[in-house]
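Student: Here it is: the structure, laid out below.
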Amino acid sequence: MVDQQPSYAGWTQSAVAEAEGFALFETAIGTCGVAWSERGIVRILLPGESDDAVRTRLARELPASHEQEPPPAVAEAVVRMRALMAGEQDDLADVQLDWSGVSDFHRRVYEIARAIEPGSTLTYGEVAHRLDDPGAAQAVGQALGRNPFPIVVPCHRVLAAGGKSGGFSAPGGAKTKLRMLVIEGAREPDPPTLFDV
């Protein structure tokens, strides 16, 4: 059964209220954002239209926090996320996350996604099977669409049936998802079309 607790972008208001700070960081896919509490990373944002858009979104979602230098553990996670998005192989499995605002069902989905190695993928249906709930593929997709920890919880590695990209809630949508998969070696770049010229 899927938890139906109120959430904000995948986590409850308690986690939002406890975020201590946030920072922006550059990656090969653009400027990302990270927010943290004393328990670990609370939120990661994939690139928006601009640095200011990422900063504004973090400030809006985490009104009690402010932009500052991250603590050492978060700074190290940022270094590793940058490296992963530059093509280095790192599963980020030991990066400390603040799960306090994440529902049990979402956490189970995220833990399965987190175990997918860089360069590999699963489908929503395969994740549902690993949950021992084969009919939960749509709920898996909804949980991944609310993932507050993209990159560390690699929702981009979960595809629709038949290996199709499926949805992706980050700015840039499926194009961003495919770009991340290409960087990790899970997909070949699509050949350019006449519209790309």
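The values are calculated or read from the model by the stated rules, or taken from the named source; none is laboratory data. The model shown is predicted, which means the values in this text are computed figures rather than measured ones. Note: ideal-geometry Cβ built from the backbone for every residue, glycine included; neighbour counts use all protein chains shown.
Student: Looking at the stretch 177-194, is at least one residue assigned to a loop (DSSP other than H, G, I, E, B), among the hydroxyl-bearing types (Ser, Thr, Tyr), over 28 Å from residue 51 (Cβ atoms) and not assigned by TED's automatic domain parsing to the domain that holds residue 72?
Tutor: yes
Student: I would also like to ask the following. As an exercise: evaluate residue 79 against (1) in the same structural domain as residue 28 (by TED's automatic domain parsing); (2) more than 24 Å from residue 31 (Cβ to Cβ) and give the number of the one condition it does not meet.
Tutor: Only one criterion is unmet by residue 79, namely (2).
Student: Step by step: first the residues of the stretch 163-176, then only those that are in contact (Cβ under 8 Å) with a residue 12 or more places away in the chain and outside any loop (DSSP other than H, G, I, E, B), then the one that is farthest from residue 148 (Cα to Cα). Which residue is that?
Tutor: Looking only at the stretch 163-176, we keep the residues that are in contact (Cβ under 8 Å) with a residue 12 or more places away in the chain, and these are 163, 165-172, 176.
Checking which are outside any loop (DSSP other than H, G, I, E, B) leaves us with 163, 176.
On the way: 163: 24, 176: 16 Å.
Of everything passing the filter in the stretch 163-176, 163 is farthest from residue 148 (Cα to Cα).
Student: For the stretch 74-86, which positions are exposed (fewer than 13 other Cβ atoms within 10 Å of the Cβ) and of a type in the set (Gly, Ala, Ser)?
Tutor: 86
Student: Quick check on residue 91: is it among the acidic types (Asp, Glu) and either touching a Gly at 6+ places or on another chain (Cβ under 6 Å) or loosely packed, with under 14 Cβ neighbours inside 10 Å (or both)?
Tutor: no
Student: Based on what the data block shows, is residue 116 in a helix (DSSP H, G or I), in contact with a Lys or Arg (Cβ under 6 Å, 6 or more places away or on another chain) and over 16 Å from residue 29 (Cα atoms)?
Tutor: Values: in a helix (DSSP H, G or I): no; in contact with a Lys or Arg (Cβ under 6 Å, 6 or more places away or on another chain): yes; over 16 Å from residue 29 (Cα atoms): yes.
Considered against the rule, which asks whether it is in a helix (DSSP H, G or I), in contact with a Lys or Arg (Cβ under 6 Å, 6 or more places away or on another chain) and over 16 Å from residue 29 (Cα atoms), residue 116 comes out as no.
Student: Of all the residues that make up the stretch 150-173, how many are surrounded by 14 or more Cβ atoms within 10 Å (Cβ to Cβ) and either among the aromatic types (Phe, Trp, Tyr) or modelled with pLDDT of 85 or more (or both)?
Tutor: Number of matching residues: 12.
Student: Here's a check for you: in the stretch 98-130, which residue that is over 18 Å from residue 44 (Cα atoms) and hydroxyl-bearing (Ser, Thr, Tyr) is surrounded by the most Cβ atoms within 10 Å (Cβ to Cβ)?
Tutor: 124
Student: Within the stretch 29-66, track down each residue that is surrounded by fewer than 14 Cβ atoms within 10 Å (Cβ to Cβ) and either among the β-branched types (Val, Ile, Thr) or farther than 18 Å from residue 100 by Cβ (or both).
Tutor: 49, 50, 52, 56, 60, 66
Student: Please count how many residues of the stretch 16-73 are hydrophobic (A, V, I, L, M, F, W, C) and assigned to a strand (DSSP E or B).
Tutor: 12
Residues are listed down the side, and each one gets a yes or a no for (1) in contact (Cβ under 8 Å) with a residue 40 or more places away in the chain; (2) in contact with a Pro (Cβ under 6 Å, 6 or more places away or on another chain); (3) not assigned by TED's automatic domain parsing to the domain that holds residue 27:
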{"site": "92", "(1), (2), (3)": "yes, no, yes"}
{"site": "95", "(1), (2), (3)": "yes, no, yes"}
{"site": "124", "(1), (2), (3)": "yes, no, yes"}
{"site": "128", "(1), (2), (3)": "no, yes, yes"}
{"site": "134", "(1), (2), (3)": "no, no, yes"}
{"site": "138", "(1), (2), (3)": "no, no, yes"}
{"site": "148", "(1), (2), (3)": "yes, no, yes"}
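Student: Does residue 119 meet the test of being closer than 21 Å to residue 93 by Cβ and modelled with pLDDT under 95?
Tutor: Here the answer is yes, as residue 119 does meet what is asked.
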